[in-house]
Each structure stands twice: as structure tokens, then as C-alpha cells.
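The values are calculated or read from the model by the stated rules, or taken from the named source; none is laboratory data. None of these values were measured; they are calculated from a predicted model. Please note: Cβ atoms are built from the backbone with ideal geometry, for glycine as well, and neighbour counts cover all protein chains shown. Heads up: the accessible areas ignore ligands, DNA and RNA and are worked out on the full protein's heavy atoms, side chains in. Shrake-Rupley method; radii C 1.70, N 1.55, O 1.52, S 1.80 Å.
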Amino acid sequence: AGAGGAMAEGEGLLSVDYEVSGRVQGVFFRKYTQGEAKRLGLVGWVQNTSHGTVQGQIQGPADRVRELQEWLRKVGSPQSRISRAEFTNEKKITVLEHQDFQILK
């Protein structure tokens, strides 16, 4: 591992909860979020809420978590319209609490 690898180690793992508002249900938002999370090597989950938002948790290397946060804030699925992305309960963790990134019903 080069310097990049060592730096990623130093950054450690982050866990953060998120909730995305806007037109995010019925537009494959969960499927795209799962795809993006897997591409970045993150674990966690995503689900639709009863009040029309999408929520979940992301865990992984801090810099990758930041990338997905940015994606949730700005990009989303092609048909989605994101009005707000909120991130809460951010904390450093020593071990991942999920095996992979799941879509929960």
C-alpha cells in the first residue's frame, strides 16, 4: 500500500445516518444508492420511509463516506429530485456493523 493506503487507515471508519427528502420514492433511488455504495465499497442500508423520504446508514472509510454523502446531496437516481439531505449521528467506529449494503423494505 502506498501513501494513499496509509492515509485511508489514519482516517479510520465512519458511521453516519442519512435522510433524503424530495422526489426520492418510486424513482429507483434505493437501487442507485445501493449501487453507488457498493462501487465505493461501503456498507449499510437504505429504505423508504412512510413519510416519503429515503433513509439509511452508511459505514466505511471516511473519505468514501464523504463521497456518498455528496452523491446523496447532489446526484441521486436519474429521475430523482433531491430537496434536502440530512446527516446525523456521525461517529467514528472501529469495526463495520454491516456485512454489505442492503435495501430494506
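Overview of values
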{"quantity": "Residues (part of a helix (DSSP H, G or I) and either closer than 19 Å to K105 by Cα or at pLDDT below 95 (or both)) located in segment 38-55", "calculated": "K38"}
{"quantity": "Checklist (1) farther than 11 Å from Y18 by Cα; (2) assigned to a strand (DSSP E or B) applied to N89, failing item", "calculated": "(1)"}
{"quantity": "Answer from R30, R73 - the residue that is in contact (Cβ under 8 Å) with a residue 60 or more places away in the chain and surrounded by 12 or more Cβ atoms within 10 Å (Cβ to Cβ)", "calculated": "R30"}
{"quantity": "Positions within segment 33-60 being among the hydroxyl-bearing types (S, T, Y) and surrounded by 19 or more Cβ atoms within 10 Å (Cβ to Cβ), in sequence order", "calculated": "T33, T53"}
{"quantity": "Single condition Q25 does not satisfy, out of (1) touching a residue at least 40 places away in the same chain (Cβ under 8 Å); (2) open to solvent by 50 Å² or more (accessible area, probe 1.4 Å); (3) in contact with a strand residue (DSSP E or B) (Cβ under 8 Å, 6 or more places away or on another chain)", "calculated": "(1)"}
{"quantity": "Single residue of R84, R66 found to be among the basic types (K, R) and surrounded by 12 or more Cβ atoms within 10 Å (Cβ to Cβ)", "calculated": "R66"}
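Conditions tested, residue by residue: (1) modelled with pLDDT of 95 or more; (2) in a strand (DSSP E or B); (3) over 12 Å from the mean Cα position of the chain (by Cα).
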| site | (1), (2), (3) |
| --- | --- |
| Q57 | yes, yes, no |
| V65 | yes, no, no |
| S83 | yes, yes, yes |
| H98 | yes, no, yes |
| K105 | no, no, yes |
